[in-house]
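The values are calculated or read from the model by the stated rules, or taken from the named source; none is laboratory data. Fair warning: this is a prediction, and the values are worked out from it, not measured in the lab. FYI the Cβ positions are ideal-geometry reconstructions off the backbone, even for glycines, and counts take in every protein chain you see.
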Amino acid sequence: MEAWIQLHLATLLAALALPQFGLSTLFIIAFVSATLLPLGSEPAVIGLVQLNPALFWPAIGVATLGNTLGGALTWWMGFGAERAYEHLAHKPVQNRALAWLRRFGPKACLLSWLPVVGDPLCAVAGWLQMPFWPCVGYMAAGKLLRYITMTAAFFWALQFWPRG
């Protein structure tokens, strides 16, 4: 299993290093990682920028766009799931978490960058039929700040890493 992971990681890094595939590969990884599939896009952003530092801002932009569009897809999946549930169950779901999210409204999507809860948060926003465009705007802002912060922090910390 470890050899399989190393092989695929090497293949991914090789694809990211190619100028014709780097940003498009990053877009796909960022898009898929914003769905409910367990995947993180930060290593791909950091890997691409480490291989080509001139792509810092384009990588941040492409990752933010891909991750935001993936979050928007997750919103639509939540919207569809809610409609299907109510059609089959003939009653709305009520609980404290949904009430808390309703109280914050689309602004809650600012937390869509959080690990574990961020992607389901987008689905629940769709489930609650929160306004789509404000939700997408807050998703984009949160994801942009995450990519800038994590990538810059990684390269800042790298300065202090002992070279051997």
- Query: Of the residues that make up the range 5-22, is at least one assigned to a helix (DSSP H, G or I), at pLDDT 90 or above and of a type outside the set (Ser, Thr, Tyr)?
  - Reply: no
- Among the residues of the range 124-164, how many are loosely packed, with under 14 Cβ neighbours inside 10 Å and among the basic types (Lys, Arg)? 1
- Query: helices (runs of 4 or more DSSP H) wholly in the range 75-164 with at least 3 residues that are within 18 Å of Thr64 (Cβ to Cβ) - which ones?
  - Reply: 118-127, 132-158
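Regarding Tyr147, is this residue of a type in the set (Phe, Trp, Tyr) and in contact (Cβ under 8 Å) with a residue 60 or more places away in the chain?
Judged against the criteria, Tyr147 is a match.
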- Query: For the subset of the range 107-164 comprising residues that are within 21 Å of Asn95 (Cα to Cα) and among the charged types (D, E, K, R), which member is nearest to the chain's Cα centre (by Cα)?
  - Reply: Asp119
